[in-house]
Structure formats: structure tokens, C-alpha cells
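A short worksheet on the structure shown next.
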Amino acid sequence: MTEQLRPDGSLRHLLTLEGLPRPVLERLLERAQGFVRPLGAAAAQSQALAGRTVANLFTEPSTRTRVSFELAAKRLGAQVVNLEVQLSSRVKGESMLDTIYTLEALHVDAFVIRDAEVGVPGLVAANVAPHVAVLSAGEAHLAHPTQGLLDALTIQQKKPRLSGLAVAIVGDLRHSRVARSAWHALRTLGVSDVRLVGPPALQPPDEEFPGGTRYTDLAAGLEAADVIMMLRIQKERMAEADLPEARRYFAAWGLTPERLRLARPDAIVMHPQPMNRGIEIASEVADGPQSVIRDQVRNGVAVRMAVLAEVLAAREGA
Ligand code: CP
């Protein structure tokens, strides 16, 4: 595993939240909160990364993560390259590392990588020059660290005392990198009651999420929860034969207004998106007063600004 921290404790790469010390998470969240502005106000801007270049390399689809990394970099004054991987020389057989070395020669300082294959961000991090940072924007089913941070930030904004919270993560835990990164963030930040709520076929392997309580009954998992994090069925990581039928899934596992009433009256509802309305969540809930789904999106830019500022601006004195 590539070391994510420099000897002085600052972040060099962000590949996973697993194992990152609590002070590092808290520092990133505090820094991110400093970049949050209300909708309607001007977005936070600075020239902290003027002269730096960030390259987005996404081989899986993305709306939120890609756009918010781009906005984050630009709002800090960096230049941004979005490599259209399907139009790049990768399709002519160029390896990922040769692509990286080429972009490094063009003075790219940070790579933001989303890939369906396990190990790609780590491989790149192990091979870049010492001054270059690698940020995972989603690695297979394993990690989506900036999503985990933005989820933690969103919860903290609404429920500042994290330690006493009951957080229900509901749905396709087995294939979800969002759930894994949220899990590591929440556990490191002191949340002890994290509930893994989903049908047996979508529960994660036994050795994962140690200490999490598994629920195969939705009502029991939602009972008195403070936070409900709904997950999408990750069709792209499942065989056709294993896909649950949409209507039956919603009937058994969809978050409806009636089911939401099982949670605490002030519970918040989260979803990383993209969401499938009418499959894992009812529109009345997704758009309802307890939903913080759009706060999550807004916080995504702030978190990515904080991460980019830390990995790139920290290099000044390196
Ligand atoms: N939450 C998330 O990763 O969304 P995108 O796939 O649109 O980036």
C-alpha cells in the first residue's frame, strides 16, 4: 500500500480513508467547511494553486465527482485537463503508466483517477514523481475517499455530535465503494452505531465492516436512526442474473415516507447519487424536507478544494 502521508503528517496522496488518522480527517473537514458558501452567494475562490495543473482521468462515468474536482481545481486557480480516455492513445494500446508519464512531462501535478479496476490509483501513486499527487475519484467497489469525506462533512453540519449517532447505510453494501469510504470516515470520527442494512445477497463479505451491525430487516435497521444513507444498486458490478427486479426491490427496500417515519423525526436522508427514484428511494423522500442530498453535492466541491489545497499547496516548502 502506497504511503498517503508525508513524514510531516500532511497528505501526499488520497487513495482511501482506511487507516488515515482522525486528526487528518478532522483537518480536511475543517478546511472544507471553510470553502462552503450558501447557494446564491459567490463560490469560494483563491489563487492558492496558481501555476499547478490537475488532470482528471476517468474511465468510468461520472457527473458529480468529475465536475466538482474540475470546479475545485479551477476555484483554487489551477489549470485542469480532462482526458477523454476513450479518445486518448489508451485505445491504441498505451498503458496507464505511459499515459501518466506523458502527462507528467506536460507538468501535470495531480492526477484524479476513477477506474473500475482494483489497484489502479495505487499503481499510479507508486510510480509518479515525488512532487506529483494522486487522488482516487472512485476505485472499483473499494474506495471513494472524497465521497466519504463529503458525507462526513454533510452529517457533521447537521449533527455536530457524531459519536452518539445511529447511521443506517441501506441497500447494496456489497458493491458500494461509497459505503466502504463512509464506513472508514464514520468509524475514525467516532461513530459507533453504524448499521449495515440490506438483503442478504447485498450484504458485504463477513470480514469487511468489522464491528458494524448487520440488519436484513429494513424496519429494524431504520428504527430511531439519525442518519439514513441510501445506496444505489451497483448494476455495473453485478451479473444480469443477480440483479433484483426493480419493483420488487422498491417494495421491500425502498425508502418511502412511511418507512422514514421509523427513524428519528429529525433524521437526515442522504444519497451519493446517481439515484434511481422508485427503486431505492421515493421521490417524496429524495426531494423532501429531511433530504440533504443537494448539500452533499455542494459539499463535494468544498471537500475536493480542501484535498487539492492540502496535497498541492503543502508542496511549497517540500
Ligand atoms: N457520487 C458520485 O460519485 O457521483 P458520480 O458518479 O456522478 O461522480
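The values are calculated or read from the model by the stated rules, or taken from the named source; none is laboratory data. The structure displayed is predicted, hence computed values, not measured ones. Backbone-built Cβ (ideal geometry, glycine too); neighbour counts: all protein chains shown. All accessible areas refer to the heavy atoms of the entire protein, side chains included, with ligands and DNA or RNA removed. Shrake-Rupley method; radii C 1.70, N 1.55, O 1.52, S 1.80 Å.
Computed from the C-beta positions of Ser89 and Arg6 and an R0 of 45 Å, the FRET efficiency is 0.90 to the nearest 0.05. Put a plus charge on the Cβ of each Lys and Arg, a minus charge on the Cβ of each Asp and Glu, and nothing anywhere else: the dipole of the chain about its Cα centre is then about 780 debye.
Taking 18 Å as the straight-line reach from the Cα of Lys74, the aspartates and glutamates in range (excluding those fewer than 8 positions away in the same chain) are Asp109, Glu310.
Charge dipole of the stretch 145-292 (Cα centre as origin; +1 on each Lys and Arg Cβ, -1 on each Asp and Glu Cβ, all else neutral): 260 debye, rounded to the nearest 20. Each label point was placed 7 Å from the Cα along the Cα-to-Cβ direction; for Thr63 and Glu258 their separation is 2.9 nm. Extension gain, Ala224 to Glu208, is 3.3 nm, computed as 0.36 nm per intervening residue step minus the present C-alpha separation. Hey, if you drop one equal point scatterer on each alpha-carbon of the chain and run the Debye formula without solvent, what base-10 log of I(q)/I(0) do you get at q = 0.07, 0.09, 0.16 Å⁻¹? For the chain, the Cα-only Debye profile gives -0.27, -0.45, -1.35.
Across the stretch 100-192, the mean sequence separation of Cα contacts (distance under 8 Å, 6 or more residues apart), normalised by length, yields a relative contact order of 26 percent. Provide the net charge surrounding Val292, with neighbours chosen by a C-beta distance below 11 Å and charges set as Lys +1, Arg +1, Asp -1, Glu -1. It works out to a net charge of +2.
For the stretch 145-292, the relative contact order works out to 24 percent when only alpha carbon pairs closer than 8 Å and six or more residues apart are counted.
Computed over protein heavy atoms with a 1.4 Å probe, the carbon and sulfur contribution to the accessible area of the chain reaches 52%. Summing Cβ point charges (Lys, Arg +1; Asp, Glu -1) relative to the Cα centre of the stretch 34-138 gives a dipole of roughly 460 debye. Probing with 1.4 Å while keeping every protein chain in the model, the per residue accessible area of the stretch 145-292 equals 40 Å².
When the chain is described by a simple charge dipole with +1 on each Lys and Arg Cβ and -1 on each Asp and Glu Cβ, the residue from Ala252, Gln234, Ala73 located farthest towards its positive end is Ala73.
Relative contact order of the chain: 21 percent, from C-alpha pairs under 8 Å at least 6 residues apart in sequence.
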